[in-house]
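Report on one structure; see the data block that follows.
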Amino acid sequence: MLNLARPAGAAGFTLVEVMVALAVTAFGLLGLAKLQALAYAGVKVASSRSIAAAEAEGMASAMHVNTAFWQSTAAVAASPITVTTAAAVNLGATIDCSAAVCTPQGIAIYDLANFGTQLAAALPAPLDAATQPVSIRCAQAVTPFATSPNVCTLTVSWSEQYQGSNSTGALAQGQSTQSYSLVVQP
C-alpha cells in the first residue's frame, strides 16, 4: 500500500494548496485590472475637462485684453457668438492680425479663430451636430450704475467616452457631450 503522508521533517506545499493560492491571486489580479481600466477612463475624462478649462481661461484672458470689443455693444449685438474649428461664424472673416493692423472686432475674430483651432486639435467635437464647440453669450450686466459692464458666458463643448461600473460590477460604456462654462467680465 502507498503511503501519501509526509515524512517527518519534510517541508513544502501540496498541489491543492498551490492551486488555491493561484486561484486567489488570479482573482485579485482581475480585480486590479478592472480598477486600472476604470482609473484610466477617469484620468481621460479629467484630462478633457482640464484642457477645456485651460483653453477657456486663455480665451478669457484674450477677452480681458480686448475690452474695446468685448465691452462694446457690438459684442452684445453679435451674441451668441459661435466658433467652429477655424473661424468665428457670425462676426466676419478671419484676418491675420499678426501681419496686419486690426480693429478691436478683427482682433476678437482672430483670437476666436485661434481658440477654435486649438480646441479642435485638443478636444473631440460634440456628438450633437447642433451643439457648437464654443458659444459666447454676452449681455450687459444689470447694475444700478449708469454704465454697466458686459458679462459674457463662454461655453466649451466636447464629446467624451465614459466607462463605469455599478455596485453589482456591471460595466457601462458610452459617449456623451460634455460642456464647461466660464463667466467672464472683460
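Which of (1) open to solvent by less than 60 Å² (accessible area, probe 1.4 Å); (2) modelled with pLDDT of 75 or more does ALA170 not meet, given it meets every other one?
Among (1) open to solvent by less than 60 Å² (accessible area, probe 1.4 Å); (2) modelled with pLDDT of 75 or more, the lone unmet condition for ALA170 is (2).
Could you pull out the residue among THR82, THR94 that is touching a strand residue (DSSP E or B) at 6+ places or on another chain (Cβ under 6 Å), modelled with pLDDT under 85 and outside any helix (DSSP H, G or I)? Full working, then the answer.
Details: THR94 fails: touching a strand residue (DSSP E or B) at 6+ places or on another chain (Cβ under 6 Å).
Criteria check complete, one pass: THR82.
Working carefully through the options LEU38, LEU112, LEU22, find the one that is at pLDDT 90 or above and assigned to a helix (DSSP H, G or I).
Values: LEU38 fails: at pLDDT 90 or above; LEU112 fails: at pLDDT 90 or above.
So the residue among LEU38, LEU112, LEU22 that is at pLDDT 90 or above and assigned to a helix (DSSP H, G or I) is LEU22.
If you scan the range 60-77, which residues turn out to be surrounded by 20 or more Cβ atoms within 10 Å (Cβ to Cβ) and either in contact with a strand residue (DSSP E or B) (Cβ under 8 Å, 6 or more places away or on another chain) or modelled with pLDDT under 90 (or both)?
Within the range 60-77, MET63, TRP70, GLN71, ALA75 qualify.
Looking at GLY42, GLY116, which one is in contact (Cβ under 8 Å) with a residue 12 or more places away in the chain and within 20 Å of SER159 (Cα to Cα)? Quick ask: steps written out before the conclusion?
On the way: GLY42 fails: in contact (Cβ under 8 Å) with a residue 12 or more places away in the chain.
Selected residue: GLY116, the only one of GLY42, GLY116 that is in contact (Cβ under 8 Å) with a residue 12 or more places away in the chain and within 20 Å of SER159 (Cα to Cα).
Residue-wise test of (1) touching a helix residue (DSSP H, G or I) at 6+ places or on another chain (Cβ under 8 Å); (2) open to solvent by less than 70 Å² (accessible area, probe 1.4 Å).
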position	(1), (2)
ALA21	no, yes
GLN36	no, no
GLY42	no, yes
SER50	no, no
GLY58	yes, yes
ILE109	no, yes
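If the requirement is being at pLDDT 85 or above, of a type in the set (S, T, N, Q) and either open to solvent by less than 70 Å² (accessible area, probe 1.4 Å) or within 30 Å of GLY174 (Cα to Cα) (or both), which of these qualifies: THR131, THR153, THR103? Write out each step before concluding.
On the way: THR131 fails: at pLDDT 85 or above; THR103 fails: either open to solvent by less than 70 Å² (accessible area, probe 1.4 Å) or within 30 Å of GLY174 (Cα to Cα) (or both).
After ruling out the rest, the residue left standing is THR153.
The values are calculated or read from the model by the stated rules, or taken from the named source; none is laboratory data. Because the structure is a prediction, the values reported are computed rather than measured. Virtual Cβ from ideal backbone geometry, glycine too; neighbours counted across all protein chains shown. Keep in mind that these areas ignore ligands, DNA and RNA; they rest on the heavy atoms of the full protein, side chains included. Shrake-Rupley method; radii C 1.70, N 1.55, O 1.52, S 1.80 Å.
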